[in-house]
């Protein structure tokens, strides 16, 4: 029996209303969610951000870059692993609680087995210099993947209500606060995040007022 084509839905229109976004695909079922997030999770060695953006935005086209940035920001500030939060948000959006649980199971089931196997294997070679050097090398690769993905997503900020200069300034302030000044994450989220929320609210009010 032939497999039905993926469901499609129009993405949200651009804020100025001039251009309609291209059609987006939807997960076909809860099983599709489970399999998709299982395969995604098994690719996420050293950090899944680079993989999840490529799979969900570029390959499956379940969301636009702008939607991904917004959903990732919400997933980032919620308690728990950010990619797990994102998977549950996507699953819940399409299939409710069952979809969220299917996506959660996909993110955790198979990777849990792999991690346990690798932990047992690493326990036998943890004291070897070669194993420690290999882990340091993989850390550098993971950092490069995350940096490349972040640069790829910068273009999506051009449509952000705050404007590109404000986004870059807030990102720089966050980097300085976390990486250089070693401020606690909660304080950065409340401080810089609060400023960002207020500025976005002001800009949206100006935009909506001008469109009225």
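Structure notes:
- Members of the range 31-50 found to be closer than 15 Å to residue 108 by Cα and outside any loop (DSSP other than H, G, I, E, B), listed by number: 31, 33, 34, 35, 36, 37, 38, 39, 40, 41, 42
- Unique match (being assigned to a helix (DSSP H, G or I), within 22 Å of residue 24 (Cα to Cα) and at pLDDT 90 or above) among 101, 86: 86
- Selected residue [assigned to a helix (DSSP H, G or I), touching a strand residue (DSSP E or B) at 6+ places or on another chain (Cβ under 9 Å) and in contact (Cβ under 8 Å) with a residue 24 or more places away in the chain] from 67, 53: 67
- Scanning the range 99-117 for residues that are out of contact with any helix residue (DSSP H, G or I) (no Cβ under 9 Å at 6 or more places or on another chain), touching a residue at least 12 places away in the same chain (Cβ under 8 Å) and not assigned by TED's automatic domain parsing to the domain that holds residue 204 turns up nothing.
- Filtering 192, 168 for residues that are surrounded by 14 or more Cβ atoms within 10 Å (Cβ to Cβ) and either free of Cβ contacts under 8 Å to residues at least 24 places away in the same chain or not assigned by TED's automatic domain parsing to the domain that holds residue 73 (or both) leaves a single hit, 192.
- Per this entry, residue 206 is not counted among residues that are loosely packed, with under 12 Cβ neighbours inside 10 Å and in contact with a helix residue (DSSP H, G or I) (Cβ under 8 Å, 6 or more places away or on another chain).
- Check on residue 65, surrounded by fewer than 21 Cβ atoms within 10 Å (Cβ to Cβ), on the phi > 0 side of the Ramachandran plot and not assigned by TED's automatic domain parsing to the domain that holds residue 193: no
The values are calculated or read from the model by the stated rules, or taken from the named source; none is laboratory data. As the structure is a prediction and not an experimental result, all values here were calculated from the model. Glycine gets a Cβ as well: all are built from the backbone with ideal geometry, and neighbour counts include every protein chain shown.
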